[in-house]
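Chemist: First, the structure itself, so that you have it in front of you.
A short reminder: the numbers here are calculations on the coordinates, not readings from a lab. Small disclaimer: the values here were computed from a predicted structure and weren't measured. With ideal geometry, Cβ positions are generated from the backbone for all residues, glycine too; neighbour counts draw on all protein chains shown.
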């Protein structure tokens, strides 16, 4: 059997092998180093191989390597090295000291492994953890913020009910309500960036959504891009999750800004469209029916249509991409997305949203929102609890206001008569609203429940508030919205009682 250098077999191993002498200088590298760095082995022996280290890693590498060399101990180092493709990649280098028969130190033997993929995965996991923290923070902020907005809207509504109010004061209060409504949209924008459960489509006023999102859209685009809008009068409601549509606007605005380096226009237009069989055949994923449309036109003197088109992932007419992509967001809303690009008109995105066709029901008149039932009101926010109490009492209800679950249980135990409805915040100190309702139902099985909350949908899902049949009112709400929902949960008033009740005042 011929005598060969056993190190020749090292060249077939899928790792970068090396050895170093007592002075720490490298005296052997296998051929994998050439494949990685693109440099011949002879050019990288000694200390020359460290020339390929990332400039930011050289000082720390030499310090840690010198410490291990002086102590004659094993080491494990991670650093970035220039790959032959021109990019830096992460290597994990491990070395073991070699000693002679008399215990003399002969140097090191070791290997290096490409761990770039592992490092990338670790960074992604860290980002996910941070995203979860941001989502938690957003939910907490939104809860407190929506409580404040509910109090502002409620007290403004109570003041507007005063007959002696001057026209100027009424106008001021109307402006306060409009500002609070815009603030509520900002709160939803905040939650749009947090983790959310599957969308919950509902009736959506697209004109109102676009109008409310203009300020945020302008902030995302910057002053160099002009934002305009054209709203179709009398537009039918759409069936969609409002946060998803807002997310579409923000994603496109974020893409449009770098795509318009010399400024340009960002135009929003709402409309309606009846999709017939012929149009549906041209777009297989688009079903025939009535749609509300949102067109977003992006144009400018140096518009980069390619950058904009990247948000539209398509293979023929079959949209692909994950749930967080723009087409994925549209599909989750039950809609369809098209895009057209031309040199003279820029790029136009058209979002088709199914029209909302509610069942025909007779809407009760404002005076039918009141009643004489007993309502147990559990709300830990003082302003929300006070404004809800006043509104319900003005409408004729007997209200038992409490600040927490323990107070609600005590009030229920003390009250001698029937309690028809529990109105409770989902998030209460020490005991959540779902637990409170279950506890009260033990002795009062006929009690009905209306949950309210201004927190994120994720928190609502954790408390199992999204199950079918559960009544829920989202903060911030108007006083009319509260009275309407309470009357809906309680059910229609008995006809024999209609004439015996007169509200003191309606809000």
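Chemist: Calculated FRET efficiency, residue 172 and residue 403, Cβ-Cβ r, R0 22 Å, to nearest 0.05?
Modeler: Working: r = 31 Å, r/R0 = 1.41.
Calculated transfer efficiency: 0.10.
Chemist: Multiply the residue separation of residue 161 and residue 214 by 0.36 nm, subtract the distance between their alpha-carbon atoms, and state the gained length in nm to one decimal. List each step's numbers first, then the result.
Modeler: On the way: separation 53, 0.36 × 53 = 19.08 nm, distance 3.08 nm.
Residue separation times 0.36 nm, minus the Cα-Cα distance, leaves 16.0 nm.
Chemist: Based on other C-beta atoms within 10 Å, arrange 26, 111 from fewest to most. Mind showing how you got there, number by number?
Modeler: On the way: 26 21, 111 18.
Lowest to highest Cβ neighbour count: 111, 26.
Chemist: Only counting other Cβ atoms within 10 Å, I'd like 402, 41, 387 sorted with the fewest neighbours first. Please report the intermediate quantities before stating the final value.
Modeler: On the way: 402 21, 41 16, 387 24.
Starting with the residue having the fewest Cβ neighbours, the order is 41, 402, 387.
Chemist: Related question: Between residue 446 and residue 179, 0.36 nm times their residue separation minus their Cα-Cα distance comes to what?
Modeler: Details: separation 267, 0.36 × 267 = 96.12 nm, distance 3.99 nm.
Using 0.36 nm per residue and subtracting the Cα-Cα distance, I get 92.1 nm.
Chemist: In nm, to one decimal, how far is the modelled label at residue 277 from the one at residue 48, with both set 7 Å along Cα→Cβ?
Modeler: Result for the modelled spin labels: 7.7 nm.
Chemist: Of all the C-alpha pairs in region 6-114, what % are more than 21 Å from each other?
Modeler: Roughly 31 percent, once rounded to a whole number.
Chemist: Report the antiparallel proportion of the DSSP beta bridges in region 214-308 as a percent, rounded to a multiple of 5. Mind dumping the intermediate values first?
Modeler: Details: 11 of 17 bridges.
Close to 65 percent.
Chemist: Give, in nm to one decimal, the length gained when the segment between residue 295 and residue 342 is fully stretched (0.36 nm per residue of separation minus the Cα-Cα distance). Mind dumping the intermediate values first?
Modeler: Working: separation 47, 0.36 × 47 = 16.92 nm, distance 1.52 nm.
Here the segment from residue 295 to residue 342 would lengthen by 15.4 nm.
Chemist: In percent, what relative contact order does region 6-114 have, based on Cα pairs under 8 Å that are 6 or more apart in sequence? Show your work: numbers first, answer last.
Modeler: Values: 181 pairs, mean separation 29.2, N = 109.
Normalised by residue count, the contact order of region 6-114 is 27 percent.
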